[in-house]
Structure formats: C-alpha cells, structure tokens
Amino acid sequence: MKIEFYGATKEVTGSKFILSTNGTKILVECGLFQGRRKEAEKKNREFLFDIKDIDYMLLSHAHIDHSGNIPNLVKNGFLKDIYTTPATIDLLKYLLLDSAYIHERDAEYINKKIIKRGETPIEPLYTSEDAKHALNLFKPKIYENKHERGIKFEFLDAGHILGSSEILMEVENKRMLFTGDLGRSNLPIIRDPKIPGKVDILIMESTYGDRLHRDIENAKSDLEEILKRALSRKGKVIIPSFALERAQEVIYAINSLIINGKIPEIPIYVDSPLTVELTSVFMKHPEYFDKEAYIMLQENHIFNYGQINYITDVRDSKALNAKEGPMIIISASGMCEHGRILHHLKNNIEDERNIILIVGYQAKNTLGRKLVEKQEEVNIFGQPYQRKAEVVVLNEFSAHADRNDLISFAEKLSPEQIFLVHGEEEQMEPLGETLKEMGYKVAMPEVPGTEYEI
Ligand SMILES: [Zn+2]
Ligand SMILES: [Zn+2]
C-alpha cells in the first residue's frame, strides 16, 4: 500500500491524504488550508493529485480544516461517494454553506478593487451551488459498523466534536488507524474517545503534542465562580465562541450549574445564526451524547432550559444592548475578528461590572488575543475602547487530546509505525522525539505530496 500526505503536514490545517492499495485509491479528508491569505488561497485552489483517480472518500469530522475544501473538489469534477457519520453530514449542511458564503463574499470584496484596476475578476474558491452538489455525495455510516470497499473500514467515536470519528481501516491484512482529531475524556455532551486495540499503523494528530490541559472539572467550578461574580454585580458575561461544539458545551455547562442548583437562573442569549443552527443539530442527535448529557436532554431539555434565547434577527441582537444585566451573551466569531460579538464587546467592554469570558483558542494578532493579553485599550471597528470589563480565560474546554493523552493513546495501540500529522512543528517534534525514545518508529511528513510505501 501507499500513503500520500497532501495536507496537515507539520501544520494544523488542510488535512488530506490518499491511501492506495490494489487498484483502489481513497481520499481521506479534504480540509481547507487556513492562515496567511494568499498562501492558503493558492494551496486551496491547486490539488496536487489527480482527482479523477480517486474511487471514494472518507471523512472523520465536520471541522472545516478537514472538510472545507470538499466543495472545491466537487467543482473540479469529483462525483464519488463520501462516507462519514450522520451527525457530520447534518453539521456540514450548515457549515459548508456558511463557508461557501464566506468565499463568495471574499471574492466580491477583492473583485471591487481588481475591477477598479481594470483586471480580470477572480472566482470564489467555491459557491453555495458547489457546496450543495457536494452535500449530495455524502453517504451516512454509523459508528462501529464494518464496511468493505477495496479495504475494510469503520468509524469509531473520536470524542472530539459531535459525530467525530477515528477511522479504522484494514488494508492488506494490516490494521491502520487514522485518529482524525482526537478528543479527551470528560468533555461535556460527547463520549470519550474509543480505544481500538492493537494496530499496525497509526496516523495521529499532534495539535497539542507539547502541551498539557487542566482537567475539565476545573472549568466547571471556575465557571460557577465567574457567573456568581457577574450575578452579584449585575454584570453581563460576554462569551465569544466558535459556533460548533464550544458554544453547545458552554450552554450545557451553564445550564447544568442552574439545574444542579449551583447558581440561580440567569438569562442566556445565543446571538449567532450559525450557532443557533448547529445547536439544532445537537438536539436532533442525542444518540451521540454521553449518559449524563442524554438524560439532561431528555429530562431537562438542556438546550432549551430556563431563560435561554436563540437570536437570529439583527434587530433582536441590537435590542440586547438596551437590556439590563445580569445576563450571558454567547456570540461569534470565536476569535472576535468579525460578526456580532464585535458589537457586544464594543457596547460592554468599558463597564467594570461586565466579564469577557474567553473559552477558545485565540490566534496571534486577533482581537481575542489582545483581550487574553489583558491590554488596557483595544480597537473595535477602528475606534479605541478602554477595557474596564474583567477578562477571564477558561482553557479547559479544549476539544483536543493533550500530550499525555496522545502518548497514552499510542501506547494502548502499540503500532509498528506512527505518522504524525495535524500539528505545528513546535508541538509535533517534541511528541515525535518522545515516541521515538519509547521505541516507536515515527515519521513526520513535512512536504505536501510526501509518500510512503508500506
Ligand atoms: Zn477538529
Ligand atoms: Zn482539525
């Protein structure tokens, strides 16, 4: 067999590899490269392999860095089956259209300048039409059902986000596992990652190959303290959050505190159309929940509990400004770069009663990062604002395995060969070195197109 790596090679985005065996070619993942705009754009537009040779595709989960270039693949002639879990398909119905909309809007914005210069306008990477075509190719496969098509494969729960999977394959009598993105134990809502037993080949993500997370239990008690503080001073808690998984976990954690009598009821406003849509997918798929969350959904309607309000209309979003605290506003984008969160930050950052609660990763140079750094003055819509609101960072919600989780996962599978993917060099290398010291054979493909004959 041959494995070719075309993305997530010493980086975290653009996941994509091809497995070839006995005349069958399988594309696993087709993620979007993100990062520096021009560079990412070029990598997304050019496929470094022949699309027409692919027989079918396997997809681990709905995150855009794994799925976001599928509509472009389809635009370029791919019309084969794409196997993934039912929840992943339901999430992608919203995520791929949202992604298409962003590409259309980006192209429009760039074209305004291009046309002024008298040059030929660019096409969006893909359109909503391409995304809709792509969605027609998806074929649902539930966890732990075995399938055969050139190879044997099955999806196992990866415990990372709703519907996320590890993909277990049997190729030429070798067991091979691709972790997709690997979750961690005790995350709210979803179950813990599955351990598939001994494998021969392990393709493992390494996002946090050199970092340790605090236990998720700390997040619950910290959250309780934060909300009590906000309640006592009638403040607003502004939570920038990614629309998928993080927002639902935060809603779940807050409502659990209320249901368990730890804090009194407090109005929650979920102000992001995409978050509202994705939360409806969660409500539709309780079969993916862990036991506790399943009961919370059936008995307490956890996503509709108490004074929760889902806002899509812009007028309702603006009306929040006139309302008195205490209240919680969950909005997007997660890194405070665009979207309605900017309005909420602008309106609330200068009031010391308020709390800005950061629950997700904030990349360099984003407004979110400036808040994490507790800068005294920040610019929002080009205007300076004095940060008087308290900023609190809760990192425990991370949906990725940390260094210890990854090492113990590899140990339980005791593979003959490990390939590390989906990690920046400074995270991947130390993990790779440790695994080598433990006696494993480790490869870290670096250049897109690198291939291995096994
Ligand atoms: Zn992911
Ligand atoms: Zn990922």
Next on the checklist: Leaving out ligands, DNA and RNA, and with a 1.4 Å probe, what % of the accessible surface on the range 321-454 is carbon or sulfur?
Outcome noted: 45
Next on the checklist: Can you tally the net charge around F155? Count Lys and Arg as +1, Asp and Glu as -1, for every other residue whose Cβ sits under 9 Å from the Cβ of F155.
Outcome noted: -3
Item to check | P(r) weight above 21 Å for the range 317-403, C-alpha pairs, percent | outcome: 27
Item to check | Backbone HN-Hα couplings from phi across the range 99-116 [Karplus 6.51/-1.76/1.60, Hz, Gly and Pro as x] | outcome: 5, 4, 4, 4, 5, 5, 5, 4, 4, 4, 4, 5, 5, 4, 6, 4, 5, 4
Next on the checklist: Taking amide H atoms as placed 1.01 Å from N in the peptide plane, list the residues 5 or more away in sequence, or in a different chain, whose amide H sits under 5 Å from that of V237.
Outcome noted: M327, I328, I329, I355
Item to check | Under Karplus coefficients 6.51, -1.76 and 1.60, residue-wise ³J(HN,Hα) of the range 214-227 in Hz, glycine/proline x | outcome: 6, 5, 4, 4, 4, 4, 5, 6, 4, 4, 4, 4, 4, 5
Item to check | Accessible area of the range 45-114 belonging to carbon and sulfur atoms, whole % at 1.4 Å probe | outcome: 53
Item to check | Per-residue HN-Hα couplings for the range 304-311 [Karplus 6.51, -1.76, 1.60; θ = phi - 60°; Hz; x = Gly/Pro] | outcome: 10, 6, x, 9, 8, 10, 9, 10
Checklist outcome for this item: the chain: relative contact order from alpha carbon pairs under 8 Å, six or more residues apart, as a whole percent, is 19
Checklist entry - When the Cα centres of the range 167-228 and the range 435-454 are compared, how far apart do they sit, in Å? => result 21
Checklist entry - From largest to smallest, what semi-axes in whole angstrom does the range 189-297 give when each is the square root of 5 times an eigenvalue of its alpha carbon gyration tensor? => result 29, 18, 15
Checklist entry - Amide H to amide H under 5 Å from I358: which residues, 5+ apart in sequence or cross-chain, H placed 1.01 Å off N in plane? => result V392, V393, L394
Checklist outcome for this item: For the pair K152 and N404, the simple spin-label estimate (label points 7 Å beyond Cα toward Cβ) gives in nm 3.5
Item to check | Whole-angstrom gap from the range 400-421 to the range 359-377, using each part's C-alpha centre | outcome: 31
Next on the checklist: Expected output is a single nm value to one decimal: the length gained when fully extending between E324 and M438, i.e. 0.36 nm times separation in residues minus the C-alpha distance. What is it?
Outcome noted: 35.3 nm
Item to check | Neighbour-limited loop hits for trypsin sites (Lys or Arg not before Pro), the range 198-242 (at most 11 other Cβ within 10 Å; DSSP other than H, G, I, E, B) | outcome: K198
Item to check | Distant-in-sequence amide H partners of V442 (H built 1.01 Å from N, under 5 Å) | outcome: I418
Checklist entry - How much accessible surface area, in Å² rounded to 10, belongs to the heavy atoms of V281 with a 1.4 Å probe? => result 10
Checklist outcome for this item: Around R233 (Cβ within 14 Å, Cβ-to-Cβ, excluding R233; K/R +1, D/E -1) the net charge comes to +1
Item to check | Summed side-chain charge close to K262 - residues other than K262 whose Cβ falls under 11 Å, Lys, Arg +1, Asp, Glu -1 | outcome: 0
Next on the checklist: Rounded to whole Å, give me the distance from the Cα center of the range 136-155 to that of the range 60-121.
Outcome noted: 24
Checklist outcome for this item: Per residue, accessible area of the chain with a 1.4 Å probe, heavy atoms of protein chains only, in Å², comes to 43
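The values are calculated or read from the model by the stated rules, or taken from the named source; none is laboratory data. Predicted, not measured: the structure shown is a model, and the values here were computed from it. No Cβ is skipped: glycine too gets one built from the backbone with ideal geometry, and neighbour counts run over all protein chains shown. For the accessible areas, the whole protein counts, side chains as well, though only heavy atoms, and no ligand, DNA or RNA atoms are used. Shrake-Rupley method; radii C 1.70, N 1.55, O 1.52, S 1.80 Å.
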